[in-house]
Amino acid sequence: MFVQQLYTGCLSEAAYFIASEGEAAVIDPLRDVDTYLKMAEEQGVKIKYIFETHFHADFVSGHLELAKKTGAPIVYGPETQAGFKIHMASDGEVFNIGKLKIKVLHTPGHTLESTCYLLHDEDGNPYSVFTGDTLFVGDVGRPDLFSGDMSKEDLAGMMYDSLTKKIKPLADNIILYPAHGPGSSCGKSLGPETFSTIGAQKATNYAMQDMTKDEFIKVVTTGLNTPPAYFPLNAKINKEGYDAMDEVMERALQPLSIATFKQKVKDGAWILDTRNANVFTQGFVPGSLSIGLEGRFAEFAGSLLPLKQALILVTEIGKEKESAVRLARVGIDNVQGYLEGGFEGWLDAGERIDMVIDIEPEELAMDIPHDSRLEVIDVRKETEFEGGHVKGAVNVPLNTLMDPLQIAMIDDTHNLYVHCAGGYRSVIAASILKREGYHNLRNVLGGFGKIKDIKGMPIVVPEKVMK
């Protein structure tokens with residue numbers, strides 16, 4: 001028996017590869033399926049089934065791509081309505097993979113079709129359960145995403161029944177393999193681990209404790225942040241279908257001369273620069289948006305960029321394919337090429353460039369008392385801001401900055417000091433502001449993580465002000 005978790009940190013997403021006696025199955029694959037095909041080839045196994053736990057909202061799944069390349073059927077749980085051919089499994093149905101068995105456990109709640117898959121080992125003993133977004137380490141899937149006209153309270157009630165009847169009865173030693181780990185927006189507050197055991201979750205997960213259904217509904221539906229804007233769009237793509245990855249890559253991996261690059265911009269394409277944030281600020285093609293590969297790249301791209309917007313890339317040399325693949329994972333697949341020679345080629349050609357001024361937090365502390373037009377723009381989430389911030393700072397969460405009304409509220413005559421928690425999001429924000437014509441701005445290095453420790457910095461924390 002072979003079971004491997006394939007974890008993608010940028011998306012906090014876990015896919016799974018299972019193999020036994022020449023046969024294999026993949027659970028919740030990403031859109032770029034080469035990894036699974038390579039594993040099957042290396043192990044000499046045939047992919048027999050593709051299991052989906054539900055219609056994912058945070059990424060475009062590889063179910064169609066993998067089915068096309070392997071001929072394996074796509075398996076969903078009961079109540080699934082898809083725009084392509086699937087095997088809709090019945091509750092309790094069993095699938096054989098070599099000497100292994102996978103039993104279907106229909107667990108509606110996160111979505112109506114949400115399903116867990118219970119793996120039995122060669123001896124017929126329950127070994128692990130793949131829970132999708134039904135049960136995470138330390139949390140459960142949010143019930144407010146993509147289930148038609150049903151309320152989050154209705155779905156939370158269904159999740160209570162699913163956990164009570166299907167998950168809690170499982171033995172404590174069964175390994176829990178969820179679809180997501182820390183940082184995912186598919187739950188409220190996932191734990192730091194990417195797998196656990198049923199017993200550990202019974203002991204520590206708030207949603208697995210004894211409570212009434214009404215109590216469960218209240219605790220699960222309270223404190224939900226607004227999900228990223230691309231979530232319902234990705235869920236729709238996963239339900240209805242998408243372009244083949246080979247076609248997407250053929251479009252994206254076209255080297256563009258400077259002249260062609262400029263023409264694409266005139267024709268309406270947006271420039272996306274995927275180089276590291278600390279490199280971007282030192283110089284970039286005017287009008288570029290920065291989302292560096294080193295952070296939660298796909299999630300921020302999906303949250304900030306219209307999915308079908310024509311894009312052209314500026315990347316570190318050799319990172320063109322990685323950039324395009326990671327965009328496609330969240331449904332951004334209208335990339336129309338990349339700048340040949342990268343930013344260095346643009347610079348060597350003597351083309352005009354732009355920059356963002358980086359400053360240390362100490363400089364911000366020195367400037368605050370002496371600059372009446374200074375305005376601190378804090379682009380962290382509201383909950384982060386509420387936990388502590390620079391006195392007088394304006395909270396403009398990054399995911400709202402593409403809204404023209406939000407941008408218009410920022411005074412372009414002020415001296416803007418932009419920061420986040422650590423320095424990644426603030427560079428994205430600075431690039432958006434630059435693109436909108438704001439040039440009197442500075443990026444505060446290290447973000448609030450460093451700002452709060454600077455002597456003399458006026459910091460507001462709940463119920464008190466520190467100086």
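The values are calculated or read from the model by the stated rules, or taken from the named source; none is laboratory data. Fair warning: this is a prediction, and the values are worked out from it, not measured in the lab. As a convention, Cβ positions derive from the backbone with ideal geometry for all residues, glycine included, and neighbour counts pool all protein chains shown. We work out accessible area using only protein heavy atoms, side chains counted, and drop any ligands, DNA or RNA first. Shrake-Rupley method; radii C 1.70, N 1.55, O 1.52, S 1.80 Å.
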Worksheet item: Before we move on, is VAL279 in a helix (DSSP H, G or I), open to solvent by less than 60 Å² (accessible area, probe 1.4 Å) and of a type in the set (Val, Ile, Thr)?
Response: no
Practice prompt. Enumerate the pairs (first residue in region 231-251 and aliphatic (A, V, I, L, M); second residue anywhere and open to solvent by 70 Å² or more (accessible area, probe 1.4 Å)) with beta-carbon separation below 8 Å, excluding pairs fewer than 6 apart on the same chain, so at least 6 apart or on different chains.
Written response: ALA244/LYS68; MET249/LYS321
Worksheet entry | Leading residue by the ranking (farthest from the chain's Cα centre (by Cα)) among those in region 37-62 that are surrounded by 24 or more Cβ atoms within 10 Å (Cβ to Cβ) and closer than 26 Å to GLU122 by Cα | ILE47
Practice prompt. Sort out which residues of region 174-190 are open to solvent by 30 Å² or more (accessible area, probe 1.4 Å) and out of contact with any Ser or Thr (no Cβ under 6 Å at 6 or more places or on another chain), and write them in order of number.
Written response: PRO182, LYS188, SER189
Practice prompt. Please tell me if TYR424 is among the aromatic types (Phe, Trp, Tyr), within 19 Å of THR274 (Cα to Cα), surrounded by 18 or more Cβ atoms within 10 Å (Cβ to Cβ) and in contact with a Lys or Arg (Cβ under 9 Å, 6 or more places away or on another chain).
Written response: yes
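Per-residue answers, yes or no, for (1) assigned to a strand (DSSP E or B); (2) surrounded by 21 or more Cβ atoms within 10 Å (Cβ to Cβ):
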{"site": "GLU247", "(1), (2)": "no, no"}
{"site": "LYS262", "(1), (2)": "no, no"}
{"site": "GLY295", "(1), (2)": "no, no"}
{"site": "ALA301", "(1), (2)": "no, yes"}
{"site": "LEU307", "(1), (2)": "no, no"}
{"site": "LEU313", "(1), (2)": "yes, yes"}
{"site": "LYS321", "(1), (2)": "no, no"}
Item to complete: Go through (1) under 23 Å from CYS10 (Cα atoms); (2) out of contact with any His (no Cβ under 8 Å at 6 or more places or on another chain); (3) surrounded by 14 or more Cβ atoms within 10 Å (Cβ to Cβ); (4) in contact (Cβ under 8 Å) with a residue 12 or more places away in the chain and name the single condition GLU351 misses.
Response: (1)
Fill in: Cβ pairs under 6 Å, 6+ apart, first in region 103-130 and without any contact (Cβ under 8 Å) to a residue 40 or more places away in the chain, second part of a strand (DSSP E or B) and among the aliphatic types (A, V, I, L, M)
LYS103/VAL94; LYS103/LEU118
Practice prompt. Select from region 138-156 the residues that are open to solvent by 10 Å² or more (accessible area, probe 1.4 Å) and touching a Phe, Trp or Tyr at 6+ places or on another chain (Cβ under 9 Å) and write down the one among them that is farthest from SER189 (Cα to Cα).
Written response: PHE146
Item to complete: Consider GLY392 carefully, then state whether it is open to solvent by 40 Å² or more (accessible area, probe 1.4 Å), touching a Pro at 6+ places or on another chain (Cβ under 8 Å) and farther than 22 Å from ALA301 by Cβ.
Response: yes
Item to complete: Counting only residues that are among the β-branched types (Val, Ile, Thr) and over 25 Å from VAL325 (Cα atoms), give me the strands (runs of 3 or more DSSP E) lying completely in region 1-105 with at least 2 of them.
Response: 94-97
Fill in: Verdict on ALA365 being over 25 Å from VAL265 (Cβ atoms), part of a helix (DSSP H, G or I), open to solvent by less than 60 Å² (accessible area, probe 1.4 Å) and touching a residue at least 12 places away in the same chain (Cβ under 8 Å)
yes
Discussion item. List pairs: first residue in region 429-440 and of a type in the set (S, T, N, Q), second residue surrounded by 18 or more Cβ atoms within 10 Å (Cβ to Cβ) anywhere in the structure, Cβ distance under 6 angstrom, at least six positions apart or on different chains.
Written reply: SER431/LEU289; SER431/SER290
Response to the item:
Of the residues in region 69-111, those that are surrounded by 21 or more Cβ atoms within 10 Å (Cβ to Cβ), farther than 17 Å from LYS168 by Cα and out of contact with any strand residue (DSSP E or B) (no Cβ under 8 Å at 6 or more places or on another chain) come to THR111
Fill in: Condition check for LEU445: open to solvent by 30 Å² or more (accessible area, probe 1.4 Å), closer than 20 Å to GLY295 by Cα and of a type in the set (A, V, I, L, M, F, W, C)
yes
